[in-house]
Each structure stands twice: as C-alpha cells, then as structure tokens.
Amino acid sequence: MLTKFMKVILFFSLVSTSANAATTLSWDDLVPKEDLVFTRMVMKQPVEHEGQEFAPQPVDEPLLRTVGELDGKMVKLPGYLVPVVGDDEQITAFILVPGAESCGHEPPPPPNQIVYVEPEKALPMQWYIDPIWIVGVMQIEEVETDRAKASYRMSKAQILSFSDGSD
C-alpha cells in the first residue's frame, strides 16, 4: 500500500511526465498548411471597431478549418488567457490566444487560432496577465463564448507559467 507521501511523489512525476511527453506546438500548427498564408494575412490586418465593446472576429471559411491530426493528441501550447468563466478571484474556463493584444478590445484571432480551455483546477485571477503553457489532450470542437468562437478545446488542462513550461 502506498503511503500518502509516495502518492504525492507519484502524482507529480506523472504530471511532469505528461508535460514532457506532450508535443510542443506553435500557433501555425493549428492551421492547415493550405490556409496558413491567408490566416497570417487576416491576423495582421488592422480592424476598426468604433462603438462596439468587442471587435468582430474574422470567420471566413479558411479560418474555421482545423488540423485533424491534432484531435486526441497530447500537446503543449503557449499563449495568453482571456477569462470566460469564473469570478473576481478565480478562472475556471478561458480561451487561449496567441498574443497579448488579443486580450482586450482588439479583434479576437480566427477560430482556428483559439483554444477553449477548462483547467484541471481553477486559476487565480492574477494569471490573466502573464503568458502560460497549456498541456493536455487537444480536441477539435467548436465552442462559442461571449468573447469569441474557438475551433479547439482542451479539458482538464495542466497550466504552467511560461517560465516553468519552457522547453
């Protein structure tokens, strides 16, 4: 029978192993190769959004397409979180976006550049400011929030500070 101490050590070694076993992705990896040039072009275009609380999200057909090989794969992806579920103290679900500029009133990235994330445990609100890594099993699933539409989803995600998760 395992002692409580041994269970804790086993748990942390499994968590560490899962982060190390995950395939590290870049944001380009979430876009089909044939759509990459178009996606990059759309993300660089300035968008004016006078009088709207949030700028509209670009949703052209190529921006909705995903990479099928990622479905069910253990991955690790860096980015910035935008809280979508939680309260003043903790975040229980968020969308992960490629850059800090996507966190405010700028237009959200295209859906295939957003991951809807449900962390394995709630995060303190101060994580909202800093870049992070998510580690877990990627799912291709469209999720609509009040901020944006995401083409990818990760449940029970392990969240690492950017400095702790760097390869």
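The values are calculated or read from the model by the stated rules, or taken from the named source; none is laboratory data. All figures in this text were calculated on a predicted structure; none of them were measured in a lab. Heads up, the Cβs are rebuilt from the backbone with ideal geometry, glycines too, and the neighbour counts pull from every protein chain shown.
For segment 100-140, the set of residues classified as free of Cβ contacts under 8 Å to residues at least 24 places away in the same chain and either under 22 Å from M74 (Cα atoms) or aromatic (F, W, Y) (or both) consists of K121 only. Got at least one residue in segment 102-113 being at pLDDT below 90, part of a loop (DSSP other than H, G, I, E, B) and among the hydrophobic types (A, V, I, L, M, F, W, C)? No; the residues of segment 102-113 include none that is at pLDDT below 90, part of a loop (DSSP other than H, G, I, E, B) and among the hydrophobic types (A, V, I, L, M, F, W, C).
Take A93 and tell me if it is at pLDDT below 65 and surrounded by 14 or more Cβ atoms within 10 Å (Cβ to Cβ). Considered against the rule, which asks whether it is at pLDDT below 65 and surrounded by 14 or more Cβ atoms within 10 Å (Cβ to Cβ), A93 comes out as no. In the set (1) buried (at least 16 other Cβ atoms within 10 Å of the Cβ); (2) out of contact with any Gly (no Cβ under 8 Å at 6 or more places or on another chain); (3) of a type in the set (A, V, I, L, M), the condition left unmet by V85 is number (1).
Candidates in segment 112-156 are the residues that are of a type in the set (V, I, T) and surrounded by fewer than 20 Cβ atoms within 10 Å (Cβ to Cβ); of these, the one that is farthest from V37 (Cα to Cα) is I129.
Going by what's in this entry, would E141 be described as of a type in the set (D, E) and at pLDDT 90 or above? Yes.
For segment 114-153, enumerate the residues that are among the acidic types (D, E) and assigned to a strand (DSSP E or B). Before you say what the answer is, go through the steps one by one.
From segment 114-153, those among the acidic types (D, E) are 118, 120, 130, 141-142, 144, 146; that's our starting set.
Result: E118, E141, E142, E144.
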